[in-house]
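This report concerns only the one structure given below.
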Amino acid sequence: MRGVFQEDDRKTTDNLFGRDEEIQNILSKLITRDPVFIVGYRRVGKSSLAHAVSNLIVGDHFAHVYCESGFNNTGDIINRVKDTLNSKIETRTKSFVVGKLIEIGLSKTKADRLIQEFENSTIIILDEAQRVTNSGIIDDFLTWVTKHLGSTTRVIITGSEVRLLHGLFKRIHGNPNRIITIYPFEQKVATDFILKGFEQNDFPISREEAKEIYSTLGGTPGAIIAAAEHIILEGEDIDTATEREKTTEMKMMIEELNNIASEYTVETQSFVKKLSINEWQIYDLSFFTEDEKKLLEDLIRFGFIKPNEKGYIVYDPLIREALKEWGGVI
Ligand SMILES: Nc1ncnc2c1ncn2[C@@H]1O[C@H](COP(=O)(O)OP(=O)(O)O)[C@@H](O)[C@H]1O
Ligand SMILES: [Mg+2]
């Protein structure tokens, strides 16, 4: 599929939808040269974002490395990075980058400054870092980068498992402000995303239909694209495709919820009831046990629950459904 519905995660800012704020946030963190962590549950858009940001500021000069559980030592990662970088030719052009940065909402001055900051930089994306079970390997890799690639190299690490947070982040640079959580699209952005994607693939739908899709499937871009693929490429009707993808997505989410919760002693039903009691707006943490608070913190970190001005909120309709099913709450 074309445009924002492109099915893989090698996105550029041209076909990445609705993440301008996240891009700016990542750029401002990358400037300080320490590694940046992008976390969130599966299919929410971590890899695409890392790819688009890298492409934006260094053109072709980045290595997108998918970690493998078979990476048993630091050398495995280093070799993969070297291979990837060696096969690249430099393609960035300054004026192009400035234009793109202005498109995502930066002023000309800021864009110019960023270009200077990242001049001759290289980026390494360590994608799915949770697959490297021994966090010492990543630790050593970062040390190697600093020592051998110098200060022009930046590292972006993505991960979708809580183990990553609890193991890796505590050991290395566990500074919370280096971590960026990716949340699902909220209603308006999701609806616009759906409309645009269908439109770009010569399959225009109405705003009402787009809203319907969102209310069933939520704002996880990967889930929306998977459903759209069945509709656009296979001619399936919207309701069937959306419902089926909903089942798939909910299963994945529940798996992830179980994963996260396995670290704590929490009674899931009573926990979910506490979350949902005020229309999924959480005002007051004093009703939660210590373990529930820790679980809540992880759910926030992985994008299931979002902080807002009143406390925390579960806004995504599919995450609500998944939580209800998980907790056995009707
Ligand atoms: N902001 C976005 N705009 C357009 N497509 C997106 C966006 N975020 C994710 N996608 C698409 O959704 C799918 C899943 O995204 P991906 O980046 O692989 O998620 P993750 O790395 O979090 O598992 C991919 O096909 C990707 O192209
Ligand atoms: Mg990914």
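The values are calculated or read from the model by the stated rules, or taken from the named source; none is laboratory data. A quick note: this is a predicted structure, and the numbers were derived from the prediction, not measured. Here the Cβ is made from the backbone with ideal geometry for all residues, glycine too, and neighbour counts use every protein chain on show. In case anyone asks, the SASA skips ligands and DNA or RNA and just uses the protein heavy atoms, side chains included. Shrake-Rupley method; radii C 1.70, N 1.55, O 1.52, S 1.80 Å.
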* To do: Give me the number: length gained by fully extending Glu119 to Thr32, i.e. 0.36 nm times residue separation minus the C-alpha to C-alpha distance, one decimal in nm.
  => 29.9 nm
* Grab the Cα-Cα distance for Met1 and Lys293, subtract it from 0.36 nm times how many residues apart they are, and report the gain in nm with one decimal. => 101.0 nm
* Put a dot 7 Å past each Cα toward the Cβ at Ser69 and Ile300; how far apart are the dots in nm? -> 3.2 nm
* To do: Please get the size of the charge dipole for the chain, origin at its Cα centre, with Cβ charges of +1 on Lys and Arg and -1 on Asp and Glu, quoted in debye to the nearest 20.
  => 1320 debye
* To do: Just grab the label-to-label distance for Ser95 and Arg178, each label 7 Å out from Cα along the Cβ direction, in nm (one decimal).
  => 3.8 nm
* To do: Using a 1.4 angstrom probe, figure out how much accessible area the stretch 187-327 has per residue, in square angstrom, rounded to the nearest whole.
  => 48 Å²
* Asked: Just how much of Val189 is accessible, in Å², when a 1.4 Å probe is used and the result is rounded to the nearest 10?
  -> 50 Å²
* Cβ under 12 Å from Ile115's Cβ, Ile115 left aside: what net charge do those residues give with Lys, Arg +1 and Asp, Glu -1? -> +3
* **Relative contact order (%) - the stretch 1-125, alpha-carbon pairs under 8 angstrom, separation at least six** => 29 percent
* To do: Quick one: dipole size for the stretch 187-327, taken about the Cα centre, charges +1 on Lys/Arg Cβ and -1 on Asp/Glu Cβ, in debye to the nearest 20.
  => 520 debye
* Structure fact -> If N is the residue count of the stretch 187-327, its Cα Rg over 2.2 N^0.38 Å rounds to 1.15
* **Low-density loop positions, chymotrypsin sites (Phe, Trp or Tyr not before Pro), the stretch 224-289 - DSSP coil, at most 12 other Cβ in 10 Å** => Tyr283
* Asked: Can you tell me the accessible area per residue over the stretch 36-168, all protein chains present, probe 1.4 angstrom, in square angstrom?
  -> 41 Å²
* To do: Run the accessible area of the stretch 187-327 with a 1.4 Å probe and give the carbon-and-sulfur part as a rounded percent.
  => 48 percent
* Quick one: ranking Leu114, Leu233 by accessible area, 1.4 Å probe, largest first, what do you get? -> Leu233, Leu114
* Within the chain, longest stretch free of exposed GluC sites (Glu not before Pro) [DSSP loop, at most 13 other beta carbons within 10 Å] -> 120-233
* Structure fact -> Summing -39500 (n - 2.57) over every DSSP H run of at least 4 residues in the chain and dividing by its residue count gives a helix-only mean residue ellipticity at 222 nm, to the nearest 500 deg cm²/dmol, of -15000 deg cm²/dmol
* To do: Whenever you get a sec, line up Asp239, Asp291 from highest to lowest accessible area (probe 1.4 Å, protein heavy atoms).
  => Asp239, Asp291
* Along Cα→Cβ, 7 Å out, is where each label goes; now give me the distance between the ones at Val189 and Lys310 in nm to one decimal. => 2.0 nm
* Quote the convex hull volume per residue of the chain, based on C-alpha atoms, as a whole number of Å³. => 145 Å³
* Asked: Rounded to the nearest 20 Debye, what is the dipole magnitude of the stretch 3-181 about its Cα centre when Lys and Arg each give +1 and Asp and Glu each give -1 at the C-beta?
  -> 360 debye
* Structure fact -> Put Met250, Met1 in order of accessible area, largest first, probe 1.4 Å, and you get Met1, Met250
